[in-house]
Amino acid sequence: MSDQPSIRQAIEALLDPTRPFPPKLLYVLSDLDHEETRQLRGIWKTIPTARRRNLLEDLAELAEHDLVLMFEQVGLIGLEDEDDGVVVRAIDLLFEADDKHLPDKLLSLLKAQDRDELVRAAAANALGPYVYQGECEELPEDLLDRIETALLIATRRDPSDLVRRRALEAVSFSSNPEVSALIHQAAASDDIQWLETALFAMGRSANEIWKSDVLANLDHEELSVRLQAVHAVGGLMLEEARPCLVKLIKQKHLASDLRKEAIWSLGEIGGEQVVELLEALLDNADDDEEYMLLEEAIDKANLVNETSNFELLKVDESDQDHQDHSHNLEEDEDDLPEDDFDDEEWNRYVDEDDLADEEDEESYDFEDPFEDEDDEDLGF
């Protein structure tokens, strides 16, 4: 007889509210097969609500520290729960799940006005990675279009301020021109939370048009705003922010969250002196969490430095090839047939090519889901 815990033991423990749930049984719920999933689904609603919530929280924390564990089936069961608190925790558990039906389930929850705002906000947040995949051409275009449209509509129309902000943050990965306009509108708000959202979205956008906005908020009087600005300069890999980040990290009594964001952003930006600084900090890390963060930042900074050096090498080689090629053309100029190269014809060819490019660009007809709502704002 096997001593390994079984799904039956886990179910019996879940149904017994008089005793704490044994942590070792959490592992039983990883990689459930069809029959095990059926058994758990059959008793799910009879598990006390508080225990269902706590279970999903514990599984999410366990999965974060052990990437081998997969609790996708439990999360999908929780996603269908009637309790909003359970659904929010299920979304968190499923954040990196690859179930092909998950995007549509999240879209349904985003649109469900009978659900609590926390459910809709969590669904919006979880749709962000799909927008990123779409920008990387790793998602079907029709699915990306449905996700972007739903997020844009939520940003404009959801009655909850929280949902609108999370929807904008999620869609900010998109290169859709509508997104830039919404970010600009959020940044112009007098509401601090919308400014935080705008900075977060700017960092995700990978668009340097936001450089001045982000840099200007590095010394904002509100810590929450500074946190988002410090994170955003890393997302945008703004080298101009490097001195400010170094100065931040060297400060005594710096807020822990701000220090972590500065370390992360320095890793994203890179630089030889950055690596030296981070390595020095590694020897005096306050705790294991900071030590791991510094290690990851050093690895990323080294990768950024290697990539930058490679790009510089390519540029140098290209310049040398161009010089060699120009020299050869000068040597061989007398050997060219007199009428083989017509300047006017070449200019016409270039002009026609440019016109063709412009025609191609103008031929795209982007449908604007808000074309009748030009004057509608975000409601703040």
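The values are calculated or read from the model by the stated rules, or taken from the named source; none is laboratory data. It should be emphasised that the depicted structure is a prediction, and the values quoted were computed from it without experimental measurement. Note: ideal-geometry Cβ built from the backbone for every residue, glycine included; neighbour counts use all protein chains shown.
Residues in the stretch 136-189 that are under 16 Å from the mean Cα position of the chain (by Cα) and more than 21 Å from residue 236 (Cα to Cα): 138, 139, 144, 147, 148, 151. Under the condition of being touching a residue at least 12 places away in the same chain (Cβ under 8 Å) and farther than 24 Å from residue 100 by Cα, the residues counted in the stretch 123-162 number 7.
Here residue 252 passes the criteria (1) in contact (Cβ under 8 Å) with a residue 12 or more places away in the chain; (2) closer than 17 Å to residue 219 by Cα except the one numbered (1).
Let's see how each residue does on (1) more than 30 Å from residue 147 (Cβ to Cβ); (2) surrounded by 15 or more Cβ atoms within 10 Å (Cβ to Cβ):
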{"residue": "3", "(1), (2)": "yes, no"}
{"residue": "25", "(1), (2)": "yes, yes"}
{"residue": "43", "(1), (2)": "yes, no"}
{"residue": "49", "(1), (2)": "yes, no"}
{"residue": "56", "(1), (2)": "no, yes"}
{"residue": "86", "(1), (2)": "no, yes"}
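Out of all the residues in the stretch 219-271, which are under 19 Å from residue 292 (Cα atoms) and small (Gly, Ala, Ser)? If the condition is that a residue be under 19 Å from residue 292 (Cα atoms) and small (Gly, Ala, Ser), then 234, 255, 256, 262, 265, 267, 270 are the ones that fit. Just one of the numbered conditions (1) closer than 28 Å to residue 16 by Cα; (2) surrounded by fewer than 14 Cβ atoms within 10 Å (Cβ to Cβ); (3) touching a residue at least 40 places away in the same chain (Cβ under 8 Å) is not true of residue 80: (3).
Residues considered: 254, 248, 277, 266. Of these, the only one that is modelled with pLDDT of 95 or more, under 29 Å from the mean Cα position of the chain (by Cα) and either surrounded by fewer than 15 Cβ atoms within 10 Å (Cβ to Cβ) or not polar (S, T, N, Q) (or both) is 266. Taking every residue in the stretch 24-47 that is of a type in the set (Asp, Glu) and pairing it with any residue that is outside any loop (DSSP other than H, G, I, E, B), at least 6 positions away or on another chain, the pairs with Cβ-Cβ distances below 6 Å are 36/7. The residues in the stretch 60-111 that are among the aromatic types (Phe, Trp, Tyr) and closer than 23 Å to residue 155 by Cα can be counted, and the count is 1.
Evaluate the stretch 190-213: report whether one residue or more is assigned to a loop (DSSP other than H, G, I, E, B), surrounded by fewer than 16 Cβ atoms within 10 Å (Cβ to Cβ) and over 16 Å from the mean Cα position of the chain (by Cα). Yes. Find the residue count for the stretch 214-229, including only residues that are part of a helix (DSSP H, G or I) and either modelled with pLDDT under 95 or of a type outside the set (Gly, Ala, Ser) (or both). Summing the residues that are part of a helix (DSSP H, G or I) and either modelled with pLDDT under 95 or of a type outside the set (Gly, Ala, Ser) (or both) in the stretch 214-229 gives 7. In this structure, does residue 232 turn out to be small (Gly, Ala, Ser), assigned to a helix (DSSP H, G or I) and in contact (Cβ under 8 Å) with a residue 40 or more places away in the chain? No: the conditions fail for residue 232.
Being within 23 Å of residue 193 (Cβ to Cβ), assigned to a helix (DSSP H, G or I), basic (Lys, Arg) and touching a Leu at 6+ places or on another chain (Cβ under 8 Å) is true of residue 259.
If the condition is being free of Cβ contacts under 8 Å to residues at least 40 places away in the same chain, surrounded by fewer than 20 Cβ atoms within 10 Å (Cβ to Cβ) and either acidic (Asp, Glu) or part of a helix (DSSP H, G or I) (or both), then the stretch 178-189 contributes 180, 181, 184, 187. For the stretch 1-43, the tally of residues that are part of a helix (DSSP H, G or I) and on the phi > 0 side of the Ramachandran plot stands at 0.
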